[in-house]
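Okay, structure first, notes after.
The values are calculated or read from the model by the stated rules, or taken from the named source; none is laboratory data. Note that the structure is a prediction, hence the values are computed from the model and not measured. Ideal geometry is used to build each Cβ from the backbone, glycine not excepted, and the neighbour counts take in all protein chains shown.
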């Protein structure tokens, strides 16, 4: 099974910057007011391996081997901007089909194999594939946190939500300072008792914007064996943003039919 390789795996929302130029948009980032409370004594830290696995299993890890193709449209809305990109990903072969617009607003359709990226045109290497990584992380980040073994995963115990009231288990996923589109990124997952992510905070490791994204994880649906959060609302560097998924469906081994998320 082919996963997204670590060297191309940490971008989230970066493509909005590529597509929209100077407009500052965001992906997940840390909360506007970072939690400072110590882990509660009642919820001691778990090992990183057990945390990765528990969360990933909730999102369909055990059934992912059945997935032949995933279809989805990723959209972002923030003041003055409305962007959508449609994808079909075949994880076992690394085949990606994209339909959307280039940075000048012209329609683009392309299909490529990620392992052969060096043979692709510059727009595929520098714009479309980074966009794919970004959007796929919004789709399946809990699985990527399990697959990306270079990431340092720590359970920091019960912490207050970055948005609103309440609390959840804070699981921090920090990437190395070398490699990837934006090295040194940290993703803080606020995980409920059912092992579902409820909120996420993204801290960018480099100087590019956005530096901080805070977003809900809501609107959960099942698509075959996968659990998908369809809607994310929050802020990017203090500006309101909504990131959402639509037309999500999967094909599984032994069937030619798409199974829509519901």
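The table that follows gives values for the structure above.
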read-out	value
Selected residue (criterion: farthest from the chain's Cα centre (by Cα)) from residues of the range 166-189 that are at pLDDT 95 or above and over 16 Å from residue 144 (Cα atoms)	166
Residues located in the range 65-77, provided they are in contact with a strand residue (DSSP E or B) (Cβ under 8 Å, 6 or more places away or on another chain) and either under 15 Å from residue 245 (Cα atoms) or surrounded by fewer than 20 Cβ atoms within 10 Å (Cβ to Cβ) (or both)	66, 68, 69, 70, 71, 72, 73, 74, 75, 76, 77
The range 146-164, residues that are crowded, with 22+ Cβ neighbours inside 10 Å and in a helix (DSSP H, G or I)	146
Spans of strands (runs of 3 or more DSSP E) in the range 56-127 with at least 3 residues within 28 Å of residue 235 (Cα to Cα) and touching a residue at least 12 places away in the same chain (Cβ under 8 Å)	67-78, 81-90, 95-101
Single residue of 145, 223, 215 found to be touching a strand residue (DSSP E or B) at 6+ places or on another chain (Cβ under 8 Å) and more than 22 Å from residue 63 (Cβ to Cβ)	215
Odd one out for residue 208, checked against (1) in contact (Cβ under 8 Å) with a residue 24 or more places away in the chain; (2) out of contact with any helix residue (DSSP H, G or I) (no Cβ under 8 Å at 6 or more places or on another chain)	(2)
